[in-house]
Amino acid sequence: MQQWARFAILGAMFVVAYLLILAWQKDYGHAETQPQPQQAAAVSHEVSADLPNAQTASAASDMPQANIATQQPATEAKASVNQQLISVQTDLYHLWINPKGGDIVRIELLNHDKSKDSNEAFVMLESDAKRTYVAQSGLIGLNGPDSNRSGRPMYEIEKSAYTLNDAKAVQTEDGKSIKVLTVPMVLKTADGVEIIKTFTFKQGEYPVVVNHKVVNRSGQNWQGQMFGQLKRDNSDDPGKSDQGIFTLGTFLGGAWGSPEEHYNKLKFANFNEEKLNVEAKGGWVAMVQHYFVSAWIPGDLKLTQANGQPYVAKLESRKSTDDMNIIGFTSPTITVPAGTVAEIDATFYSGPKVQSELKELATGLNQTVDYGWLWPIAKLLFLGLEFFHGLVGNWGWAIILLTVLVKLILWPLSSKSYRSMAKMRVIAPEMQRMKEEFGE
């Protein structure tokens, strides 16, 4: 048997075994974490200091938030109604929204357990004494309510609990009927500006569209910028403890991409030294961990009756004063003339690293799936695994079929090695006789 053939067979066996281990850990490898209360706690510390600096229409550079906060008018919010968090439950997750600012402060993934021995949902986002990992969004700038020196705005809500089962079914472009749930929040200012922040959830989908609608009934122009960001502490990856000895180390940190630079990693330790500061149309920012990812994808800007158009967003990263890791985006300054309406939105994703879904959201977002240093071979084998799963609908049979395919592909090498071994057995007696007669 030739040496290169032996190495090729051993290499193929190693890759298949590696994929089998990864598949097993995907099904049973989630770490057991401490149970969290069903009702997420409201963020107790002041969050306005964590928001990005706003760019005014009259200056090209970023202005400190304090320089523009005094221009915000007072708001009229029903604080008595908004003391509790908003609960939203779909077929994929249960999440909570804080009406103060409209941040997503907790997400439980209903189709993913904490561990193989637990029936509790895996907690993706949370904000409590043990861990801080939240998704924030809002409007900053000259008239943005989130730039107010007194803190984040308190939105008025219709009710505190929403479920997808209560939503109405709508027809999609391909003729399918799915349920769509909308969660509106309203903020009214004393000078006649109404801001409607709406979260849209769709049946069977993880992405959430966050839309800000500005209705300007005041007598002057309204100016502001939308921002979306992820804020996380330096706690360990919840899936870190179940990485076995055969598992390559997975990345925990920030990531971003654009049509020009599809995928870039950013370690938490480098959030200050290597700050992200890029402008891109069609870009995205994310926090990456084992198995899961959370991401903001800037969306469209719609002025008056015109169709929505993608906007160029500024992608940024930084460390907050309390050592939180923040990565996010900021839209350009938008001007809403008196008596007109404007809308601006973004998409938020928080869930498993499903390549087909991530690829549809933004260029390069699917590359958050970490294959390790064997990525060329691993990605090719994954495509084959995904193909067989599409045929049989079962990952176990898909792995078996992929193994058979790999063996068939390598059969010429295996056959040649078998023939070499057979020839060796034929001449083995003669070699033994010569060895005994002539010695070494």
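The values are calculated or read from the model by the stated rules, or taken from the named source; none is laboratory data. The structure displayed is predicted, hence computed values, not measured ones. Methodologically, a virtual Cβ is constructed for each residue, glycine included, from the backbone with ideal geometry; neighbour enumeration extends over all protein chains shown.
See the values below:
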{"read-out": "Some residue of region 424-436 being surrounded by fewer than 11 Cβ atoms within 10 Å (Cβ to Cβ) and within 27 Å of Phe14 (Cα to Cα)", "value": "no"}
{"read-out": "Residue among Lys231, Lys197, Lys213 that alone is in contact with a His (Cβ under 6 Å, 6 or more places away or on another chain) and over 21 Å from Asp91 (Cα atoms)", "value": "Lys197"}
{"read-out": "Asp191, sole failed condition from (1) buried (at least 16 other Cβ atoms within 10 Å of the Cβ); (2) in contact with a Pro (Cβ under 6 Å, 6 or more places away or on another chain)", "value": "(1)"}
{"read-out": "Per-region count, region 129-142, residues in contact with a Pro (Cβ under 8 Å, 6 or more places away or on another chain) and not hydrophobic (A, V, I, L, M, F, W, C)", "value": "1"}
{"read-out": "Verdict on Gln305 being in the same structural domain as Leu109 (by TED's automatic domain parsing), modelled with pLDDT under 85 and surrounded by fewer than 21 Cβ atoms within 10 Å (Cβ to Cβ)", "value": "yes"}
{"read-out": "Any hit, region 356-364, residues being within 30 Å of Ser294 (Cα to Cα), surrounded by 13 or more Cβ atoms within 10 Å (Cβ to Cβ) and touching a helix residue (DSSP H, G or I) at 6+ places or on another chain (Cβ under 7 Å)", "value": "yes"}
{"read-out": "Selection status of Val170, assigned by TED's automatic domain parsing to the domain that holds Leu85, closer than 23 Å to Ile104 by Cα, among the hydrophobic types (A, V, I, L, M, F, W, C) and without any contact (Cβ under 8 Å) to a residue 40 or more places away in the chain", "value": "no"}
{"read-out": "Checking Ala69 against (1) at pLDDT 50 or above; (2) in contact with a Ser or Thr (Cβ under 7 Å, 6 or more places away or on another chain), the condition it does not meet", "value": "(1)"}
{"read-out": "Qualifying residue in region 197-205 (condition: crowded, with 18+ Cβ neighbours inside 10 Å, among the hydrophobic types (A, V, I, L, M, F, W, C) and either in the same structural domain as Tyr349 (by TED's automatic domain parsing) or touching a helix residue (DSSP H, G or I) at 6+ places or on another chain (Cβ under 9 Å) (or both))", "value": "yes"}
